Amino acid sequence: MTGSSRPRHLLDFHGWTPERLTALLDNADTMAQVLDRPVKKVPALQGLTVCTAFFENSTRTRVSFELAARRMSADVVSFAAGASSLSKGESLRDTVEVLTAYKVDAYVVRHHAAGAAHLVARYSGKPVINAGDGRRAHPTQALLDAYTIRQEFGTLEGKTVAIIGDVRHSRVARSNAELLPKLGARVVLCGPATLLPADLAALPGVTLTTDPREAVRGAHAVMALRLQQERMNAGYLASLQEYADHYQVNERLMREAESGAIALHPGPMNRDLEISSDVADGPRSRIVQQVENGQAVRMSVLYHLLVGRE
Ligand code: ASP
């Protein structure tokens, strides 16, 4: 353990040391063992209440966080923005104050605005996990990606991860570009120039290219990103067909990666657009493992923030 103080929230990886991040991943191994038992429940969070506050849609993240909290015996209250008083004009601050008055102990927050989870942390004074804020960060997705790669190769040290697609709108790409180099991996971000913000090249351990073949050369893991058409407000692409012709993660492209390379996708997938079905369903795919690992990794994060002591 380093001397740095223990982070109270997981909003992004700012303030998280490689040692602490490795401890989170190690602890996820223990959580995965709990999930393999006939009775998948431990009392670690008994008496605590976790609120999952989703202001934007989700399947995997929300379900896995709710299950993760329940597996550790927490009470879970789910807040869906569309069905709340927010739709009557209540502010985020007032909403959080109401929830906090009910003695919520921690928040899991997804929001379309970057920085929203930081605000919930400030308004509530409770530990907050960012479950995706706009295009900025999605730290638990990056952790489960790192966990999945580590599970395959035993380490992230010296590994190369190519992330291909709509980097511009992807909080997953940003969080992975922050996390993976902290754990010793090299990240290559790739997409059409309009979807590849040049400022990301300033991150340590990260390089950019518009050439997918160059991106996957020497890669141990190749992650396809969803084209986030709901966040596109300009003509970023000439056509979807042209995008697929050049940037789709398919067998032809995977053959140029390392021989044992695995394929990842954070989901939800646009099949046969950013990833071909033969790769998504093929032997190199670890997409189902990513989903499965999400639960153990989120258990580890909840435990670490709410009760864990090294
Ligand atoms: N599920 C991921 C996210 O919430 C990726 C995506 O939506 O494409 O950011």
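All of the numbers you see were taken from the coordinates with simple rules; none came from a lab. Quick caveat, the model's predicted, so the values are computed rather than measured. Glycine gets a Cβ as well: all are built from the backbone with ideal geometry, and neighbour counts include every protein chain shown.
Do you know the relative contact order of the chain, to the nearest whole percent, from alpha carbon pairs under 8 angstrom that are 6+ apart?
On the way: 589 pairs, mean separation 57.9, N = 310.
Rounded, it is 19 percent for the chain.
Once the Cα atoms of helix 60-71 and of the chain are each reduced to a long axis, what angle between those two axes, in degrees from 0 to 90 to the nearest 10, is obtained?
40 degrees
So who's got an amide H within less than 5 Å of the one on Val249, skipping anything under 5 residues away but keeping other chains? H placed 1.01 Å off N, in plane.
Ile275, Ser276
I'm checking a number: the convex hull volume of the Cα atoms of segment 139-290, normalised per residue, in Å³. What is it?
96 Å³
Lysines within cross-link reach of Lys126: Cα-Cα under 29 Å, excluding same-chain residues under 8 positions apart?
Qualifying lysines at Cα under 29 Å: Lys40, Lys41, Lys88, Lys103, Lys182.
Regarding the chain, what's the average projected area of the Cα-atom convex hull, expressed in nm²?
Here the figure is 16.0 nm², rounded to one decimal.
By how many nm would the segment from Ser239 to Val42 grow when fully extended, if each residue of separation counts as 0.36 nm and the alpha-carbon distance is taken off? Kindly include the intermediate steps, with their values, before the conclusion.
Numbers: separation 197, 0.36 × 197 = 70.92 nm, distance 5.01 nm.
Here the answer is 65.9 nm.
Placing unit charges on C-beta atoms (Lys and Arg positive, Asp and Glu negative, everything else neutral), compute the dipole magnitude of the chain about its Cα centre in debye, rounded to 20.
800 debye
If we count every other residue with Cβ under 14 angstrom of Pro212's Cβ, Lys/Arg +1 and Asp/Glu -1, where does the sum land?
Charge balance in the 14 Å sphere: -4.
I need to check one value: relative contact order of segment 139-290, counting alpha carbon pairs closer than 8 Å and at least 6 residues apart, in percent.
The normalised contact order for segment 139-290 reaches 24 percent.
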